[in-house]
Every structure is written in C-alpha cells, then in structure tokens.
Amino acid sequence: MTSFTLPHELHGDGAHKVFAVHGWFADRSAYAGVLPDLDRTEFTYALVDLRGYGRAKDAVGAYTTSEAALDLVELADRLGWDRFSVVGHSMGGSVGQRLLAVAPHRLRRLVGVSPVPASGLALPPEQWELFADAAHKPENRRAIIDITTGGRRPAAWLDRMVARSLVVSDQKAFRAWLDSWAGEDFHTRVEGSPVPALAVTGALDPALSADLMRQTWMAWYPRAELHELAAAGHYAMDETPLELIRVAEDFLRADEGEQA
C-alpha cells in the first residue's frame with residue numbers, strides 16, 4: 001500500500017506542535033474563524049484535510065477515525081514531530097481520541113471541541129435517517145447545523161455552512177465517515193489514558209453537550225477537564241472564536257510546566 005500524506009498547512013513556528021482536525025461538515029477551513037488570532041510564537045499549528053475532504057477530497061480510503069489517526073502519525077513523522085497535541089472538532093475529536101490508542105506516547109495534550117465520544121454517538125432511527133441522508137440532501141445538512149446551534153443562527157450563515165460542506169466533501173466519503181464516528185465504540189481501548197484531555201462544549205448544542213461529556217469523557221480520562229461555552233453551539237470556531245482560543249491555548253500551555 002502506498003504511503004499517503006494528509007494535505008496540510010502550517011501556521012506559526014512555536015515549539016509546541018499542534019494538529020487541528022476538522023469535523024464532519026468541513027475541511028481545514030473549519031478553523032478559518034480562529035486562524036488570525038492563534039498564538040504563532042508558542043505553537044506551530046498544522047491544519048489538515050482528512051481523506052474525502054478539501055485537497056484530500058479524492059483520496060481513497062476506509063474513511064474511519066482509526067485510519068485518520070494513523071494518517072496523523074504518518075504526517076507527524078514527515079514533519080519531524082516527535083510529540084504533539086491535537087485539537088479536534090466533533091468527528092475530529094474522535095480522531096484525536098483514537099490517537100490515545102494508536103500512539104499515546106506521542107500525544108502531549110488533547111482538546112476536543114464538541115467532541116464525539118470514543119463510544120460513538122447513538123442516534124434514534126429518525127435521527128440516523130436525517131444524518132445518513134445528509135450525504136445527498138443539503139436540507140438535512142442545514143437542519144443538523146441549525147439544531148446543533150440552538151436554532152439561533154442567521155439563515156445566511158446556515159446557508160454558507162451548508163454550501164461550504166458540499167464543496168469541500170466527497171459525498172461517498174461523507175456518508176462512510178458517519179458509520180465510523182457515530183457507529184464505532186472504542187472507549188475500552190482508551191479508558192484510563194493519562195494524557196490530559198479537555199472537552200469544550202457549547203451550551204446551545206443539544207447533541208454533544210456538557211452532560212454527555214460528564215458521562216463519557218470525564219468518566220474515562222483521569223486528567224480530563226470540561227469547559228462549557230455559554231454562547232456557543234456545535235461550531236465554536238465560528239460562534240465564539242476568541243473564547244475558544246483562550247480556553248484551548250491556556251490548556252495547551254499548561255503542558256509546558258509538566259515537561260521534564
């Protein structure tokens with residue numbers, strides 16, 4: 001099997017290396033809202049496109065969180081990153097947790113932004129249909145984004161988010177990813193991991209809520225932390241970018257005092 005390198009872009013030249021991994025509805029442009037205000041002196045960020053998205057839209061693969069974790073390790077090797085942290089949004093948060101099983105010794109800190117738990121996300125039949133059909137129905141994508149942001153965002157923003165998702169994702173890959181992030185339960189492989197792990201949730205998101213994180217993330221990881229953003233839903237990068245940066249980078253910086 002030929003080697004595959006995740007398309008990526010680098011920002012900053014700091015000693016602390018950080019992968020930023022997008023979710024189900026976007027490619028690396030998911031982080032456009034926070035990009036101007038990231039700390040590029042202390043951190044080096046690598047924004048990636050997972051298989052089926054962005055510049056990897058035509059990349060073949062299994063489209064699973066475990067495959068994506070291995071892709072990140074491969075990219076880290078190519079970049080010369082011995083150890084690194086991960087910020088992962090939604091599905092990307094599940095990818096980050098996969099690294100706890102695949103390469104725990106290389107992971108410094110993990111930040112999940114509205115992260116899908118390592119147990120997957122159980123969806124009732126009608127919700128599963130809504131999500132599964134979103135691969136080919138733009139109106140379903142719009143409904144999901146609207147619901148997970150509390151029904152409070154302007155129509156033009158919802159339309160823009162849907163339009164972006166359609167452009168940057170491959171339809172078949174988009175559908176395949178759902179089976180992995182929602183349907184796969186690997187929490188027993190990562191439960192008890194000592195890697196510091198922060199879950200950032202949005203109070204307006206009914207799906208990946210602080211309560212769900214207390215039942216999953218906080219119960220599994222001994223060094224877990226939880227922060228709820230009062231004014232955000234599922235897309236904190238767009239809804240409350242400055243608050244998200246402050247919470248995430250403060251958590252990442254706390255690693256510096258722990259390094260030998």
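The values are calculated or read from the model by the stated rules, or taken from the named source; none is laboratory data. These numbers were taken from a predicted model, which means no experiment stands behind them. No Cβ is skipped: glycine too gets one built from the backbone with ideal geometry, and neighbour counts run over all protein chains shown. Areas reflect the complete protein model, heavy atoms only, side chains present, ligands, DNA and RNA absent. Shrake-Rupley method; radii C 1.70, N 1.55, O 1.52, S 1.80 Å.
With r as the distance between the Cβ atoms of E191 and A163 and R0 = 35 Å, compute the FRET efficiency 1/(1 + (r/R0)^6) and round to 0.05.
0.35
On the principal axes of its Cα set, how long, how wide and how thick is region 219-260? Give whole Å, largest value first.
37, 24, 12
Could you give the distance between the Cα centres of region 76-110 and region 19-44, to the whole Å?
15 Å
Enumerate the aspartates and glutamates that K57 could reach by cross-link, defined here as Cα to Cα under 20 Å, with residues fewer than 8 away along the same chain left out.
List returned: E9, D27, D49, E67, D71, E74, D133, D170, D179.
Using helices alone, I'd like the mean residue ellipticity at 222 nm for the chain: each DSSP H run of four-plus residues gives -39500 (n - 2.57), total over residue count, nearest 500.
-11500 deg cm²/dmol
Does the chain classify as rounded, prolate or oblate by the C-alpha gyration tensor (a ≥ b ≥ c root eigenvalues; a/c under 1.5 gives rounded; else a/b over b/c gives prolate, otherwise oblate)?
Because its axes are fairly even, with a/c under 1.5, the chain counts as rounded.
Over region 161-260, what number does the Rg to Rh ratio reach, with both radii from the alpha-carbon atoms and Rh per Kirkwood?
1.01
Using a probe radius of 1.4 Å on heavy atoms only, what accessible surface per residue do you get for the chain? Whole Å² is fine.
41 Å²
Provide the net charge surrounding H11, with neighbours chosen by a C-beta distance below 14 Å and charges set as Lys +1, Arg +1, Asp -1, Glu -1.
Its environment carries a net charge of -3.
Lys and Arg at +1, Asp and Glu at -1: add these up for the other residues within a Cβ distance under 10 Å of D27 and post the number.
+3
Using a ≥ b ≥ c from the Cα gyration tensor of region 133-186 (square roots of the eigenvalues), is it rounded, prolate or oblate, where a/c under 1.5 gives rounded and otherwise the larger of a/b and b/c decides, a/b for prolate?
oblate
Along the positive direction of the dipole of region 55-143 (beta-carbon charges: Lys, Arg +1; Asp, Glu -1; about the Cα centre), which of Q97, V87, A118 reaches farthest?
It is V87.
Students often check this: by mean Cβ neighbours within 10 Å, which of 120-133, 100-113, 16-29 ranks highest, and how do the rest follow?
Averaged packing, sorted descending, gives the order 16-29, 100-113, 120-133.
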